[in-house]
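Notes to accompany the following structure.
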Amino acid sequence: MKTAVLYAGQGSQRVGMGKDFYAQVPDFRWVLDRAAAFVDFDLLETMFVGPEDVLGETSRTQPALAAFAAGITEILRRRAIFPSYTAGLSLGEYSALYASGVLDLETLMKATAFRGDAMRRAGEHCDTMMVALMGAGAELAEKVCAEAREEAGKAGEPCRVFVSNYNSPEQNVISGDRAAVLRAVEGAKRAGIRRCLPLRVSSAFHTPVMAPAAAELRNYASSMTLHPMQVPVVFNVTGETLREAGTAGEADGIRRMMAEQVVTGVRMAQTIRFLADHGTDTFIEVGPGKAVSGFVKKTAPGLRTITIDTVSDLEKLDDLI
């Protein structure tokens, strides 16, 4: 058996996440109490009580999800579950780096808080949107974006629209300037795509709209302490492992990925295919939620998926021990 642990991204958060683990699992509680000391807001109150609009603030959402993931990672370690690979969806990549040994808990918490705030500021004055194209393959999604950029540019309208999430072979998300995204949606509908679902997000993540955040992350990452990678991470930017892994350039390669990730489409489907092609037969999703497991089932049908969202889910790990 070859296992990969996949970490959920922003959008999976919910008020009350981790509350049952905190009450019933001492290892989880120990991690969260430590994590809470590294942020400038009440982490436990935000996670367990909310309200939803407070938890939904990007600069709080990201460290809250990272703390949840770190707690579950500790549970996996205590159960001697050590994956062959790890990866994450967008923000979840930071938790993957934590699981791989690259980031310690303090660095994880501070980096995700910084990232969340930088992304919030990058998008706060932009009129943007993200739309999931259901039933659209990557080639079609890229095509309608390219056509919309050309049409919007000729019309003198904002013209940034790109594929921001390659979630599965038949689900891709487009993001960017609202006018350009709406043009791309029109093109998708002309091509026969009937389900085009706007997402409730604050900005166009993983597009050039986030260029200011990428610049800030590049500077921030230059001073981060990164430890040698113990478990291979499959990165969002490439859908592959880091070519510099295990060399003197590993840390610089990781820092480059951190900056590029916020302006580049998340290649989740490619990541899943890479893992499947390299023998992974069991995927453990660290939630909240089951979105990533859904992408696995659509991208690599027949492989085993386990989701860890609540204490009752820990029973699913028994067969792995």
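Read-outs: derived from the displayed coordinates by stated rules, not from any lab. If you're wondering where the values come from, they're calculated on a predicted model, not measured in any experiment. Every residue, glycine as well, gets a Cβ built from its backbone with ideal geometry; the counts of neighbours run over all protein chains shown.
Among Glu186, Glu285, what is the fewest-to-most ranking by other Cβ atoms within 10 Å?
On the way: Glu186 15, Glu285 28.
Going from least to most buried by this count: Glu186, Glu285.
State the antiparallel share, in %, of DSSP beta bridges confined to the chain, rounding to the nearest 5.
Numbers: 19 of 36 bridges.
In the chain, approximately 55 percent of DSSP beta bridges are antiparallel ones.
Among Ala87, Ala67, Ala136, which one shows the biggest mean-square fluctuation in a GNM of the chain, springs joining Cα atoms closer than 10 Å?
Ala136
Show me, for the stretch 159-171, the HN-Hα J-couplings you get by feeding each phi into the Karplus relation (A = 6.51, B = -1.76, C = 1.60, θ = phi - 60°), rounded to Hz, glycine and proline as x.
Working through the residues one at a time gives 10, 7, 8, 8, 6, 9, 9, 8, 7, 7, x, 10, 9 Hz.
Quick one: how many lysine pairs does the chain have with C-alpha atoms less than 30 Å apart and a gap of 8 or more or different chains? Give me the count, please.
For the chain, the number of qualifying lysine pairs is 22.
Rg(Cα) of the chain divided by 2.2 N^0.38 Å? Could the numbers behind the result be given before it?
Working: Rg = 19.0 Å, N = 321, 2.2 N^0.38 = 19.7 Å.
Rg over 2.2 N^0.38 Å, computed on Cα atoms: 0.96.
Just want the ordering: Cys145, Cys126, from fewest to most Cβ atoms lying within 10 Å of their own Cβ. Spell out each step's value before the answer.
On the way: Cys145 27, Cys126 16.
Fewest-to-most Cβ neighbours within 10 Å comes out as Cys126, Cys145.
Report the antiparallel proportion of the DSSP beta bridges in the stretch 128-201 as a percent, rounded to a multiple of 5. All intermediate terms of the calculation are to be shown ahead of the outcome.
On the way: 17 of 17 bridges.
Antiparallel bridges make up about 100 percent of those DSSP assigns within the stretch 128-201.
With each run of n ≥ 4 DSSP H residues scored as -39500 (n - 2.57), what mean residue ellipticity at 222 nm is computed for the chain after dividing by its residue count and rounding to the nearest 500 deg cm²/dmol? All intermediate terms of the calculation are to be shown ahead of the outcome.
Working: 13 runs with 148 residues, N = 321.
It lands at -14000 deg cm²/dmol.
Quick one: angle between helix 105-123 and the longest Cα principal axis of the chain, in degrees between 0 and 90, rounded to 10, please.
Tilt of helix 105-123: around 20 degrees.
Which of Tyr220, Tyr98 has the fewest other C-beta atoms within 10 Å, and how do the rest follow up to the most?
Details: Tyr220 17, Tyr98 24.
The fewest-first ordering by Cβ neighbours comes to Tyr220, Tyr98.
Any chance you could check the Cα centroid distance between the stretch 174-209 and the stretch 218-255 for me, in angstrom?
Result: 31 Å between the Cα centres.
Would you compute, for the Cα atoms of the stretch 128-201, the largest minus smallest coordinate along each principal axis and list the three values in descending order, in whole Å?
33, 25, 17
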